[in-house]
Amino acid sequence: MSASRVFFTDMRASQKENLPAKLERLLGCLDLETVIPDRSLVAIKLHFGEKGNTAFIRPLLVRRVVDHIHSLGGRPFLTDANTLYSGTRGNSVSHLTTAVENGFAYSVVNAPLIIADGMRGASCAEVEINREIIGTAYIGREIVESDVLISLAHFKGHELTGFGGTIKNLGMGCASRRGKMAQHADLAPKIKAKKCIGCGECAAHCAQSAIFLEEGRARIHPERCVGCGECILICPNRAISVRWNADIPRFQKKMAEYTLAVLEGKGDRAAFVNVLTQISPACDCHGHNDAPIVQDLGFMASRDPVAIDQAPVDMVNAQAGLSHSCLVEGKMPGEDKFRSVYPQIDWTIQLEHAERLGLGSRTYEMITI
Ligand code: SF4
Ligand code: SF4
């Protein structure tokens, strides 16, 4: 496979050109005028950060991306899909509240915020891909219906995939509740009997009649459950939880196949940016962020969703690990930082599978601007 171009700019800045201006110059390398038709609806997929987390992309940087799209005649909106777990982004009301509290107010970012999969994550479009594991994918409807997709991902470590970048932002982040369930678990959710108070709200809400009460406790018919995950949100006592799939390689492959589904139908109308700042060991889905594992590195942009993730992994691993971080081993330049934090996770699987699917190339040419 031929080398894909990845554009990079570092963290050096001056009075002449500050970091937001450098980010905009980087965007200029992507020829977005050929990607964004006049008056097209442009979804900027990002992560607004869980409440208490501070590692997510700064809203003022996001504003630069928004303004650049406006200047090309596009109509951008910021979007993410609701989470599976009951944190501060599990439904659209708390998700949007968290986003605004984290600084993504209209007055700051100059674009509306639209949650891609509706009030409780049930608004999805079915995308048929028929690949190794996923036949039909369930994607947040607003993302499928947008004309253009710009992925704006915070690059960092991730507890399930080793690292989280563009493939994570798209494959997992754009999936509806049902799509997230399909990736995280092969089975119905589980009920923690000790926490269940037998209120019956889950049974009343389940559209598949897959939950029933027995001896004052909820039970699930696994053969009826379609894995929509709505009962997890409904339970007032947090007695229902995801049955996390222990098969991590399979999970990584599913995420790559979901990325394919998200980009299906977009053709050339997509572009990808990774922000390499506050490179924390874990996802922004947590209500905290541990100290960065390497120094801030800069911004990367590409039209290839695989190259844009391979390049920052290589760059992070080439760095010296920071002494006050969670890194115990693997601190030397050239040592694998992600394998050091998560020894049981082989992060190459998602990249290899994505390349096999024809999503892009792991071979890249880095162009520093
Ligand atoms: S995941 Fe959906 S289908 Fe399954 S029990 Fe819960 S609400 Fe019912
Ligand atoms: S909603 Fe929760 S507490 Fe109520 S019956 Fe269902 S599992 Fe039990």
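State which residue pairs qualify: first residue outside the structural domain of Phe155 (by TED's automatic domain parsing) and inside the stretch 312-330, second residue among the acidic types (Asp, Glu) and surrounded by 13 or more Cβ atoms within 10 Å (Cβ to Cβ) in any location, beta carbons under 6 Å apart, and separation of 6 or more residues or different chains. Close Cβ pairs (under 6 Å, with a partner that is among the acidic types (Asp, Glu) and surrounded by 13 or more Cβ atoms within 10 Å (Cβ to Cβ)) do not exist here.
Pairing residues of the stretch 343-367 that are within 14 Å of Ala256 (Cβ to Cβ) and of a type in the set (Phe, Trp, Tyr) with residues that are at pLDDT 95 or above and not in a helix (DSSP H, G or I), at Cβ distances under 7 Å and at least 6 apart in sequence or on separate chains, gives Trp347/Phe163.
In this structure, does Phe338 turn out to be closer than 19 Å to Ala55 by Cβ and not in a helix (DSSP H, G or I)? For Phe338, the condition - closer than 19 Å to Ala55 by Cβ and not in a helix (DSSP H, G or I) - is not met. Quick one: would you say Ile36 is assigned by TED's automatic domain parsing to the domain that holds Thr9 and over 16 Å from the mean Cα position of the chain (by Cα)? Considered against the rule, which asks whether it is assigned by TED's automatic domain parsing to the domain that holds Thr9 and over 16 Å from the mean Cα position of the chain (by Cα), Ile36 comes out as yes. In a loop (DSSP other than H, G, I, E, B), crowded, with 20+ Cβ neighbours inside 10 Å and touching a Leu at 6+ places or on another chain (Cβ under 7 Å) - does that describe any residue in the stretch 321-329? Yes; the residues of the stretch 321-329 include at least one that is in a loop (DSSP other than H, G, I, E, B), crowded, with 20+ Cβ neighbours inside 10 Å and touching a Leu at 6+ places or on another chain (Cβ under 7 Å).
Where strands (runs of 3 or more DSSP E) sit wholly within the stretch 154-273, those with at least 1 residues that are touching a residue at least 24 places away in the same chain (Cβ under 8 Å) and within 14 Å of ligand 2 (Cβ to nearest atom) occupy 217-220. Filter the stretch 83-117 for residues that are of a type outside the set (D, E, K, R), in a loop (DSSP other than H, G, I, E, B) and either at pLDDT 95 or above or not assigned by TED's automatic domain parsing to the domain that holds Met172 (or both) and give the result. Correct list: Asn102, Gly103, Phe104, Ala105, Asn110, Ala111, Pro112, Ala116. Among the residues of the stretch 339-353, is any of a type in the set (A, V, I, L, M) and either on the phi > 0 side of the Ramachandran plot or in contact with a strand residue (DSSP E or B) (Cβ under 6 Å, 6 or more places away or on another chain) (or both)? Checked against the condition, which is being of a type in the set (A, V, I, L, M) and either on the phi > 0 side of the Ramachandran plot or in contact with a strand residue (DSSP E or B) (Cβ under 6 Å, 6 or more places away or on another chain) (or both), the stretch 339-353 yields at least one hit.
With respect to Ile134, is the statement that it is more than 16 Å from ligand 2 (Cβ to nearest atom), modelled with pLDDT of 95 or more and either more than 14 Å from the chain's Cα centre (by Cα) or assigned to a loop (DSSP other than H, G, I, E, B) (or both) true? When the stated conditions are applied, Ile134 passes them.
Scanning the stretch 184-240 for residues that are among the hydrophobic types (A, V, I, L, M, F, W, C), more than 8 Å from ligand 1 (Cβ to nearest atom) and farther than 24 Å from Gly173 by Cα returns Ile191, Ala193, Cys196, Ile197, Cys199, Ala203, Ala204, Phe212, Leu213, Ala218, Ala239.
From the list Pro189, Pro236, Pro222, the one residue that fits, being in contact with a helix residue (DSSP H, G or I) (Cβ under 7 Å, 6 or more places away or on another chain) and loosely packed, with under 14 Cβ neighbours inside 10 Å, is Pro236.
The values are calculated or read from the model by the stated rules, or taken from the named source; none is laboratory data. Just so it is clear, the structure is predicted and the values come from calculations on it, not from any experiment. Positions of Cβ are backbone-derived with ideal geometry, glycine not excepted, and every protein chain shown enters the neighbour counts.
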